[in-house]
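Values quoted throughout were computed directly from the atomic coordinates according to the rules given, and no laboratory measurement underlies them. On a predicted model such as this, the values are computed, not experimentally measured, just so you know. Methodologically, a virtual Cβ is constructed for each residue, glycine included, from the backbone with ideal geometry; neighbour enumeration extends over all protein chains shown.
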Amino acid sequence: MIYSYFPGCTLKNKAIDLDIYARRSAELLGITLEELPEWQCCGGVYPLAKDKIATKLSSVRALAASRDAGHDLVTLCSACHNVLKQVNNDMRTDEYIRSRANNYMAPDAEYNGEINVIHYLELLRDTVGFENIKKKVVKPFTGRKIGAYYGCLLLRPGKVMQMDDPENPKILEDFIRAIGGEPVIYAQRNECCGGYATVEDKAYAASRAGKVVDNAAACGADMLITACPLCLYNLNKSNAENKLPVVYFTELLAEALGLKEENDV
Amino acid sequence: MSENNICREDILRISGVDTRKCMRCGKCSATCPAYDEMEYHPHQFVNMVENGDIEALVESPSLFKCLSCFACIDRCPRQVEPAKLVEAVRSACIRRQGHNHLSADAIPAILDPDIPQQALVSAFRKYSE
């Protein structure tokens with residue numbers, strides 16, 4: 001199976017682990033990810049104002065390029081996924097945005113939301129299948145109590161993201177079971193980490209992330225996994241009383257599949 | 001009224017929100033992770049925009065405390081989606097004042113070398129026009 005792939009800005013820099021372990025694992029699982037040749041930054045957050053069209057165009061370009069390549073588009077970073085999926089939804093359902101974006105960009109073929117935006121986790125669940133991943137695990141995380149941290153962007157808005165139940169998700173817990181670990185359910189798993197507020201006000205974000213980490217620790221987690229570079233950063237910089245290791249879910253996937261090497265960063 | 005006044009209709013147009021759908025349940029503020037940081041809370045944005053009490057919102061630091069986490073958008077039982085009002089007032093505020101809330105010149109002094117690029121692009125999207 002071949003998919004177009006949108007890594008996003010952070011996966012080329014600070015979150016390179018999230019990217020390399022995903023690519024390596026995909027190969028073993030029979031998935032080919034073809035990086036879009038000329039992708040631009042998604043902007044990190046979906047523009048909510050009705051009169052903002054220009055800030056959605058980089059996403060439209062990626063979506064149209066994926067359509068032209070003939071593949072659905074896979075994303076990995078929670079933020080890229082959120083922005084691209086919401087803009088794709090606009091191009092399908094909002095005539096005001098669709099007509100203005102197409103008129104401005106004047107592409108050879110108008111883009112009308114023809115392709116699907118798929119998160120790497122959805123690929124694992126719906127295309128590969130968690131049962132098949134389980135069969136390929138050579139180094140299971142037996143006995144490890146792992147807290148899935150969804151944050152906000154993977155799940156919301158639920159009616160657009162349509163990845164899982166936004167209030168009682170299980171895709172990451174099912175992933176944890178597939179690699180042999182024991183998922184830990186805690187209340188703060190789908191509440192915000194403090195997000196971009198850390199740029200201006202570190203204490204504010206650290207306090208928000210602290211609530212997440214302490215809640216996960218109180219429920220028995222001994223590590224946290226995430227799909228979002230900013231969540232990982234905020235959780236690591238939190239003011240929590242407990243310190244838990246935070247890693248990208250793709251790193252655990254690669255490790256379970258025997259694809260993590262000694263000299264990996 | 002001077003031409004610099006931001007009116008209720010501007011905010012309703014930019015946000016696409018219909019404040020009249022609100023049934024005052026308060027769920028948006030109850031679920032808001034930024035609640036303690038905000039002078040005006042999500043349910044107050046809805047009520048104040050509905051009443052045309054825009055200026056107090058435009059002047060409030062609350063505009064830059066919203067985390068855009070979509071909690072109030074997803075959990076509103078009436079699809080009022082208060083975060084869209086916060087975004088609309090924030091945009092209107094920055095457009096009127098004529099300069100961005102966060103400037104690139106300010107970044108080197110506050111930059112943590114570990115910070116992911118995603119944080120910066122997101123902050124610029126939220127704090128500038």
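Using Cβ counts within 10 Å as a stand-in for footprinting exposure, how do B:65, A:134 rank, fewest first?
Numbers: B:65 21, A:134 14.
Lowest to highest Cβ neighbour count: A:134, B:65.
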Approximate spin-label separation residue A:69-residue A:170, in nm, with each point projected 7 Å along Cα-to-Cβ
3.3
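With both bridge residues required to lie in chain A, what share of the DSSP beta bridges run antiparallel, to the nearest 5%? Spell out each step's value before the answer.
Numbers: 0 of 19 bridges.
Here the antiparallel bridges make up roughly 0 percent for chain A.
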Measure of size requested: the Rg and Dmax of chain B, with Cα atoms as the atom set and Å as the unit; please supply both.
15.2, 48
Residue of B:32, B:93, B:69 that the Gaussian network model of chain B assigns the largest fluctuation, springs spanning Cα pairs under 10 Å
B:69
So for the pair residue A:236, residue A:127, with labels modelled 7 Å out along Cα→Cβ, what separation do we get in nm?
2.8
Pairs of alpha-carbon atoms within less than 8 angstrom and 6+ residues apart define the contacts here; what relative contact order does segment B:8-98 have, in percent?
39
If I build a Gaussian network model for chain B, linking alpha-carbon pairs within less than 10 angstrom, which residue out of B:104, B:88, B:30 has the largest mean-square fluctuation?
B:104
Binned at 10 Å starting from 0, the alpha-carbon pair-distance distribution of the protein assembly as shown in whole percents comes out as 5, 23, 33, 26, 11, 2, 0, 0
For residue A:139, go through the lysines and keep the ones whose alpha-carbon is under 17 Å away, minus same-chain ones fewer than eight residues off.
A:260
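Just round it to a whole percent: the fraction of Cα-Cα distances in segment A:2-120 exceeding 16 Å. All intermediate terms of the calculation are to be shown ahead of the outcome.
Working: 4024 of 7021 pairs.
Pairs farther apart than 16 Å: 57 percent.
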Round to a whole angstrom and tell me the spacing of the C-alpha centers of segment A:204-222 and segment A:3-20.
26
Going fewest to most other Cβ atoms within 10 Å around each Cβ, A:23, B:20, B:90 line up as B:20, A:23, B:90
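Contact order normalised by length for chain A, with contacts defined as Cα pairs under 8 Å and 6 or more residues apart; what percent is it?
Values: 470 pairs, mean separation 52.2, N = 265.
About 20 percent, as a whole number.
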Taking the simple approach of a point 7 Å from Cα along Cα-to-Cβ for both residue B:51 and residue B:100, what is their distance in nm?
3.5
Starting from a Cα-only point model with no solvent, please compute log10 I(q)/I(0) by Debye for segment A:145-234 at q = 0.25 1/Å.
-1.28
Neighbouring partner chain Cβ atoms per residue of B:123-129, average, 10 Å criterion:
6
Pull up the cross-link candidates among the aspartates and glutamates for residue A:14, meaning alpha carbon to alpha carbon under 19 Å and not fewer than 8 places away within one chain.
A:35, A:251, A:264, B:112, B:114
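When you look at the Cβ of every residue in B:61-73, what mean number of other chain Cβ atoms sits within 10 Å?
Numbers: counts 0, 0, 0, 3, 4, 3, 12, 12, 11, 14, 7, 1, 7.
The shielding value for this peptide is 6.
Measure up A:134/A:243; A:50/A:85; B:27/B:84; A:12/B:65 against 21 Å on the Cα-Cα distance and list the ones that go over. Write down the numbers at each step before the final one.
Details: A:134/A:243 29 Å; A:50/A:85 17 Å; B:27/B:84 16 Å; A:12/B:65 29 Å.
Going by Cα-Cα distance, A:134/A:243; A:12/B:65 fall outside the 21 Å limit.
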Cα-based equivalent ellipsoid of segment A:1-61: semi-axis lengths in Å, sorted from largest, via gyration tensor
27, 14, 9
Exposure proxy check on B:6, A:185: fewest-to-most Cβ neighbours within 10 Å is A:185, B:6
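Residue A:12: net charge of surrounding residues, Cβ under 11 Å, Lys/Arg +1, Asp/Glu -1, itself excluded? Before the final figure, lay out the partial values.
Working: positive: A:14; negative: A:19, A:35.
With Lys, Arg at +1 and Asp, Glu at -1, the neighbours total -1.
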Answer in debye to the nearest 20: the dipole magnitude of segment A:17-73 about its Cα centre, from +1 Lys/Arg and -1 Asp/Glu charges placed on Cβ, is 320
